[in-house]
Amino acid sequence: MSALIFPGIGPMRLDDSARYLTTHPVARGLVAEADQVLGYPLIDRYREAESRGDEGAFPEPARITFLTGCVALARGVTEDGEPPVAYAGASLGGVAAAVQAGALSFADAVRLTAEWGRRANAYFAREHRDIVTQSFARVPADRLAEIRAELDARGEWNEVSCQVDHDFYLLSIREHGLDQLQRRLRAAGGLPLYVMRPPMHSPAFQAFRDEMAAEPVAGLTFTDPHTPVVSDHDGSLVTTADGIRTLLLDAATRPVRWPAVVDTLRGLGVRRVIVAGQDRLWGRVEIMTNAFEVVAVKPDTAMRPRRRSVIA
């Protein structure tokens, strides 16, 4: 049995997917639909953002291009007539999972992604301005517990925003303690990676979740998914329209627990996982490669000619 998952967004360039998005029939159609929803040409706007060197937690065109690519790649996957038993997505990948499972239209997914980014930028410009999220690898759970206990002893607020693997985490802290945290991680044998601004996935951001629920999400249409979606927060199976709505809103306030997703997929009997989207992380970590046959479906692989069966 197989499952189809969508990665969380990571560092990316338009050149990594431009040819696919502008020439592949499925991708090109979705880009045109996104253009109509947004009221501007998505690919052109992404190029402009890159040329300006826009920084931060991914400009709007990058986020929507990532979503579009994920959905297009998933629609192009063929499983010899055998559909996946479940979908899952990490963070923004959860929106793509909702689309692929039939619970949210692609147009509404574009609207949600755009509004989420705009409102998050505005919210974190006025609230929690000193909180950042540090990602790091090579720090197992017991060592992280020691580091967090030290932070607690100094009265430093901290929360785990994401667990990717048994030794790969994202920790949210106040920015003044970032340098000290990075030094402590290195001393513990860890590898500090990128820093997220604005942060996400914390109960401290309940007001942002409430804002999203009251306006943009309230205007979207959700339906029951035709295939279960595995929650990236606790591994539960989401099978209703209300459950999908809650799952997407909870991305603001609940940490991502990717090991819980892996446990659920294994419990369903999944042996093969297809990762649809530009991914340098979620399908490649040890917890995934040890549990499943992982098949990466990326823009470059989707553009390769398919072999045709020869009938003698």
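Where a number appears in this text, it was derived from the coordinates with a stated rule and is not lab data. The shown structure was predicted, so the numbers you read here are calculated from the model rather than taken from an experiment. A quick note on method: Cβ atoms are made from the backbone with ideal geometry, for glycine too, and the neighbour counts reach across all protein chains shown.
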Can you tell me the relative contact order of segment 61-193? Whole percent, Cα pairs under 8 Å, sequence separation 6 or more. 22 percent
Distance from a point 7 Å along Cα→Cβ of residue 77 to each backbone N in segment 1-32: keep the residues under 14 Å and list them by number. 1-8
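Which order do 17, 105, 91 fall in if you start with the one that has the fewest other Cβ atoms within 10 Å? Before the final figure, lay out each step's value.
Numbers: 17 27, 105 17, 91 20.
Ordered from fewest to most neighbouring Cβ atoms within 10 Å, 17, 105, 91 come out as 105, 91, 17.
Compute, for the chain, the length of the dipole vector about the Cα centre, with Cβ point charges of +1 (Lys, Arg) and -1 (Asp, Glu) only. Units Debye, rounded to 20. Write out the running numbers ahead of the final one.
Working: 36 positive and 40 negative charges, 162 e Å.
Dipole magnitude for the chain comes out near 780 debye.
How charged is the neighbourhood of residue 223? Take every other residue with its Cβ under 12 Å from the Cβ of residue 223, and add Lys/Arg as +1 and Asp/Glu as -1. List each step's numbers first, then the result.
On the way: positive: 245; negative: 108, 224, 242.
Combined, the nearby Lys, Arg, Asp and Glu give -2.
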Against the longest principal axis of the chain, how steep is helix 42-52, in degrees 0 to 90 to the nearest 10, with axes from Cα atoms? 40 degrees
Between residue 289 and residue 156, what is the label-point separation in nm under the 7 Å Cα-to-beta-carbon projection? 3.1 nm
Please state the Cα pair-distance histogram of the chain with 10 angstrom bins from zero: what percent is in each bin? 6, 27, 35, 24, 7, 1, 0, 0
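Please compute the contact order of segment 131-196 in relative form: average sequence separation of alpha-carbon pairs under 8 Å and at least six residues apart, divided by the residue count, as a percent.
Working: 106 pairs, mean separation 34.0, N = 66.
Normalised by residue count, the contact order of segment 131-196 is 51 percent.
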What angle, in degrees between 0 and 90 and rounded to the nearest 10, separates the Cα long axis of helix 258-267 from the longest principal axis of the Cα atoms of the chain? 50 degrees
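Per DSSP helix of 4 or more residues, -39500 (n - 2.57); summed, then divided by the residues of the chain. What does that give at 222 nm, rounded to the nearest 500? Don't skip to the end; give the middle numbers.
Numbers: 13 runs with 135 residues, N = 312.
Taken over the chain, the calculation gives -13000 deg cm²/dmol.
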Any idea what Rg and Dmax come out to for segment 131-196 if you just take the C-alpha atoms, in Å? 10.3, 27
Per residue, what volume in Å³ does the Cα convex hull of segment 1-119 take up? 105 Å³
Phi-derived 3J(HN,Hα) across segment 277-288 with the Karplus relation (6.51, -1.76, 1.60, θ = phi - 60°), rounded Hz, x for Gly and Pro, is x, 5, 9, 10, 9, 4, x, 10, 6, 4, 4, 7
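What relative contact order, as a whole-number percentage, does the chain give when Cα pairs under 8 Å and 6 or more residues apart are counted?
Values: 544 pairs, mean separation 80.1, N = 312.
Reported relative contact order: 26 percent.
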